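The values are calculated or read from the model by the stated rules, or taken from the named source; none is laboratory data. Only a predicted model underlies this, so the values are computations on that prediction, with no experimental measurement involved. Counting neighbours? That spans all protein chains shown, and the Cβs are built from the backbone with ideal geometry, glycine included.
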């Protein structure tokens with residue numbers, strides 16, 4: 001697959017060939033859906049927890065005798081219908097973790113990488129070098145590339161000036177190629193791949 005490589009000003013500087021098995025596969029919507037379900041489920045902490053009537057303190061004594069008072073019969077003040085009683089059918093702490101096999105994860109990444117190129121929302125740049133960590137300088141340097149309000153920049157080697165300068169730019173996100181996942185690729189409206197990051201992804205996911 002031949003891909004245009006742009007410079008930081010958005011001008012084409014060369015072409016590079018990337019593997020069809022990573023950047024030009026037919027996206028598998030089913031495996032993408034499975035990956036997103038597993039990923040989002042694994043983000044849940046599962047720490048919400050309410051106490052049942054067996055777990056709240058007190059309630060050992062019957063509030064009043066069974067018959068003869070004219071009031072409803074009760075056996076414990078910890079019943080869910082009492083103030084301070086247990087909660088009926090409330091959330092309980094649990095693990096929401098799911099998993100996919102290694103090959104399923106790799107297949108999902110290949111589909112996601114190919115999908116962003118099919119949708120024409122990914123561009124490859126030769127390098128991004130910023131001389132100053134000031135937000136204004138970063139915006140000036142990337143003005144031609146940041147045409148979309150929701151942009152993800154994927155790098156191989158961290159640039160400290162770019163990292164610090166993007167901190168105050170809304171809807172511009174940074175991610176290392178080694179930590180990139182399917183959710184990152186599909187969530188954002190524009191993907192800027194630094195050339196060495198594209199080569200890294202090619203080597204990591206090539207069949």
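Some notes on this structure:
- Condition broken by residue 24, with the remaining ones in (1) surrounded by 15 or more Cβ atoms within 10 Å (Cβ to Cβ); (2) at pLDDT below 95; (3) out of contact with any helix residue (DSSP H, G or I) (no Cβ under 9 Å at 6 or more places or on another chain) satisfied: (3)
Per-residue answers, yes or no, for (1) assigned by TED's automatic domain parsing to the domain that holds residue 182; (2) at pLDDT below 95; (3) over 30 Å from residue 194 (Cα atoms):
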| position | (1), (2), (3) |
| --- | --- |
| 65 | no, no, yes |
| 71 | no, no, yes |
| 80 | no, no, yes |
| 88 | no, no, yes |
| 104 | yes, no, no |
| 109 | yes, no, no |
| 112 | yes, no, no |
| 120 | yes, yes, no |
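- If you go through the range 129-152 and keep only what is surrounded by 15 or more Cβ atoms within 10 Å (Cβ to Cβ), touching a residue at least 40 places away in the same chain (Cβ under 8 Å) and under 25 Å from the mean Cα position of the chain (by Cα), you end up with 142, 145, 148, 151, 152.
- Residue in the range 181-192 that is more than 21 Å from the chain's Cα centre (by Cα) and at pLDDT below 95 present: no
- Of the residues 47, 69, 52, the single one that is under 30 Å from residue 184 (Cα atoms) and either assigned to a loop (DSSP other than H, G, I, E, B) or in contact with a strand residue (DSSP E or B) (Cβ under 9 Å, 6 or more places away or on another chain) (or both) is 47.
- Condition check for residue 45: loosely packed, with under 12 Cβ neighbours inside 10 Å and at pLDDT below 95: yes
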